[in-house]
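Asker: Okay, handing you the structure first.
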Amino acid sequence: MNILIITLYGFLVGIVGTGLGGVLSLFIKNTSSSLSFLLGLTGGFMLFIVTFHLLPESFILGGLFTTIIGIILGILLVILVEEKIENMVKSPHMKSSLLLGISIAVHNFPEGLALGSSFLTMSNLGPVLSLAMLLHNIPEGLSMAIPLKVNKISPWLIVLYTILTGIPTGIGAFIGSYMGMISNIFISLCLSFAGGTMLYIICDEIIPNAKTLHKGRASSIGIVIGFMIGII
């Protein structure tokens, strides 16, 4: 298949998927308990992605050592970025959203690589994988949009920011289709790097902020349901 068409698939999958998540967030009620529940839901769903998607795939492709190195590098990146934006962004929810946006963007790049490569190896796999990734990106866009909504960011900006996080999927699809089957070690490192960033953000930002919004059980129930939705 033509590289340009494959790249277009990648951009559509990333931008439409995360963008739809941003649009859906606009219809959510802005109460502390519901937003606390949704932040918990975000944390649970992202925890599922790390546990059952990113890290196992990284381990299969590159082995234990590569996976651990990627996780450590991912955590170090978040700590570095966190220190830089701490002075610029005072709201904890805005900081959560920025960090989560970075981690989703990083995670979307190896997904794009896989998508681009899939069109070259098995022509019938590419379109199926595109649809699966698009659906998978919707809750990711939603998870980034919720902290922005908590921070009362303009609806147009929420949608714009979620769309931007989908762009690396298109870049990855272009590189994947141009270079063919890229080194498994490189893809493994990308996946575990994204896994490390997400794991740190979930534990350090998303779950604590969900508890701060509402002291009840809403966030804890959200975490469990988010994890179960991921499994389903």
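Asker: Mind checking which aspartates and glutamates have their C-alpha under 17 Å from K95, skipping anything on the same chain fewer than 8 residues away?
Answerer: E82, E83, E86, E140, D204, E205
Asker: If you place +1 on the Cβ of every Lys and Arg and -1 on the Cβ of every Asp and Glu, how big does the dipole about the Cα centre of the chain come out, in debye to the nearest 20?
Answerer: With only Lys, Arg, Asp and Glu charged at Cβ, the dipole is about 660 debye.
Asker: Right, here's the next one. Most mobile of M198, M94, M46 per a Gaussian network model of the chain (Cα springs, under 10 Å)?
Answerer: Most flexible of the set in this elastic network: M94.
Asker: Using just the helices of the chain, give the 222 nm mean residue ellipticity in deg cm²/dmol: DSSP H runs with n ≥ 4 each add -39,500 (n - 2.57), and the total is spread over all residues, rounded to 500. Write out the running numbers ahead of the final one.
Answerer: On the way: 9 runs with 192 residues, N = 232.
Helix contribution divided over all residues of the chain: -29000 deg cm²/dmol.
Asker: In the Gaussian network model of the chain, springs joining C-alpha atoms below 10 Å, which of G14, G216, G112 carries the largest mean-square fluctuation?
Answerer: G216
Asker: Using +1 at the Cβ of each Lys and Arg and -1 at the Cβ of each Asp and Glu in the chain, identify which of F109, G230, I146 lies farthest towards the dipole's positive end.
Answerer: The residue sitting farthest along the positive end of the dipole is I146.
Asker: Once neighbouring chains are kept in place and the probe is 1.4 Å, which whole percent of the accessible area of the stretch 1-57 is contributed by carbon and sulfur?
Answerer: For the stretch 1-57, the apolar C and S fraction of the accessible surface comes to 78 percent.
Asker: May I pose another question? At R217 and L26, where each label point lies 7 Å from the Cα along Cα→Cβ, what is the point-to-point distance in nanometres?
Answerer: Each label point is offset 7 Å from its Cα along the Cβ direction, giving 3.5 nm.
Asker: Let me make sure I get this right: for the stretch 159-203, a, b and c are the square roots of the gyration tensor eigenvalues over alpha carbons, sorted descending. Under 1.5 in a/c it's rounded, otherwise prolate if a/b > b/c, else oblate. Which is it? Don't skip to the end; give the middle numbers.
Answerer: Numbers: a/c = 5.86, a/b = 1.20, b/c = 4.87.
Because a/c hits 1.5 or more and a/b fails to exceed b/c, the stretch 159-203 counts as oblate.
The values are calculated or read from the model by the stated rules, or taken from the named source; none is laboratory data. Being a predicted model, the structure only gives us computed values, none of them experimental. All Cβ positions, even for glycine, are placed from backbone atoms using ideal geometry, and neighbour counts span all protein chains on display. Just the protein is used for accessible areas: all its heavy atoms, side chains included, with ligands, DNA and RNA removed. Shrake-Rupley method; radii C 1.70, N 1.55, O 1.52, S 1.80 Å.
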